[in-house]
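**Q** The structure is given below, and queries will be raised subsequently.
The values are calculated or read from the model by the stated rules, or taken from the named source; none is laboratory data. Computed from a prediction, not measured in an experiment: that's the story for all the values here. Methodologically, a virtual Cβ is constructed for each residue, glycine included, from the backbone with ideal geometry; neighbour enumeration extends over all protein chains shown. These accessible areas exclude ligands, DNA and RNA; they are computed on the full protein's heavy atoms, side chains included. Shrake-Rupley method; radii C 1.70, N 1.55, O 1.52, S 1.80 Å.
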Amino acid sequence: MSSNETPRGPVDSSRIPRYAGPATFARLPRLDEVGTADVAVVGVPFDSGVSYRPGARFGGNAIREASRLLRPYNPAQDASPFALAQVADGGDIAVNPFNINEAVETIEAAADDLLGTGARLMTLGGDHTIALPLLRSVAKKHGPVALLHFDAHLDTWDTYFGAEYTHGTPFRRAVEEGILDTSALSHVGTRGPLYGKQDLTDDEKMGFGIVTSADISRRGADEVADQLRQRIGDRPLYISIDIDCLDPAHAPGTGTPEAGGMTSRELLEILRGLASCNLVSADVVEVAPAYDHAEITSVAASHTAYELTTIMSRQIAEARAK
């Protein structure tokens, strides 16, 4: 979108009820209705890489349904994200559910096409396997990127049943492929049992810092956000959020829940504290609505994507104003 064009925003909920009409993200226009977008919200209905409960293939549409209640002004960031930049729903990247390698290649190619238009991506998963092809695509444009990985788990294991591409291995593969800036990597919200202490040793060797959910509880969201900002600096940043970073009380609808997690309030406050970082794209993954209750998980995920989209829209508008 050029600087003199007015973005097309969401459907007016004072004229058309929120529960009516197509469930695009935040009731925004489809990408084919606006031609190009500054931020493209895309779904990846894929969960063939999970190691426990399946169902995240339905996560993107569940997030879209829950996002019907989002409004165009974000008071926490004092911004109207859909007026600052053109945000549009790009639909889903359709992938082969029976061939993980082919699915990874398809996601990467589709992300290449979207990023090639100048858009930033707000991706709705799907399981965490999809983060690897998305990072590959982002790194082609920006070089190795900083990564903030919100998750109960490390996702830096080597293989499962001999498979290199699963939802527990994407960030080891990303480090091995040189697409991450290993001076600016951090897990946020980790907790729970591991296979052994070597998991932590291996993770540290890859360059990851760890902020556990207990650290967040003790130190507070503002201090944690400040620490993360200092670690990231002005590097191009990718944020990947597994919704199981939240406690099961706040996100029961996920495949591998762990007790003792963040609240949704803590997650949103940390993200808001990262508003000055150079966020180039992001994902929210592992929403499995079959295990959800009253859309608790989907609502949390929709608000998480909304905060990330707001950060990107603000930065796009600020860059245009210079």
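Residues checked against (1) among the small types (G, A, S); (2) at positive phi; (3) assigned to a strand (DSSP E or B); (4) surrounded by fewer than 20 Cβ atoms within 10 Å (Cβ to Cβ):
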| residue | (1), (2), (3), (4) |
| --- | --- |
| F46 | no, no, no, no |
| N61 | no, no, no, yes |
| R64 | no, no, no, no |
| R68 | no, no, no, no |
| R71 | no, no, no, yes |
| D89 | no, no, yes, no |
| N96 | no, no, no, yes |
| N101 | no, no, no, yes |
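**Q** Right, next: Just checking, how many residues over the stretch 73-87 are farther than 12 Å from L28 by Cβ and either crowded, with 17+ Cβ neighbours inside 10 Å or without any contact (Cβ under 8 Å) to a residue 60 or more places away in the chain (or both)?
**A** Counting residues in the stretch 73-87 that are farther than 12 Å from L28 by Cβ and either crowded, with 17+ Cβ neighbours inside 10 Å or without any contact (Cβ under 8 Å) to a residue 60 or more places away in the chain (or both) gives 8.
**Q** Let me ask something else. In the stretch 146-255, which strands (runs of 3 or more DSSP E) lie fully inside it and hold 3 or more residues that are open to solvent by 30 Å² or more (accessible area, probe 1.4 Å)? Can you show your working first?
**A** Working: elements: 180-190, 208-212, 236-242.
Because the criterion is at least 3 residues that are open to solvent by 30 Å² or more (accessible area, probe 1.4 Å), the strands (runs of 3 or more DSSP E) in the stretch 146-255 that meet it are 180-190.
**Q** Mind telling me which of the residues D12, D78, D89 ends up being of a type in the set (D, E) and touching a Ser or Thr at 6+ places or on another chain (Cβ under 6 Å)?
**A** On the way: D12 fails: touching a Ser or Thr at 6+ places or on another chain (Cβ under 6 Å); D78 fails: touching a Ser or Thr at 6+ places or on another chain (Cβ under 6 Å).
None of the others qualify; the one that does is D89.
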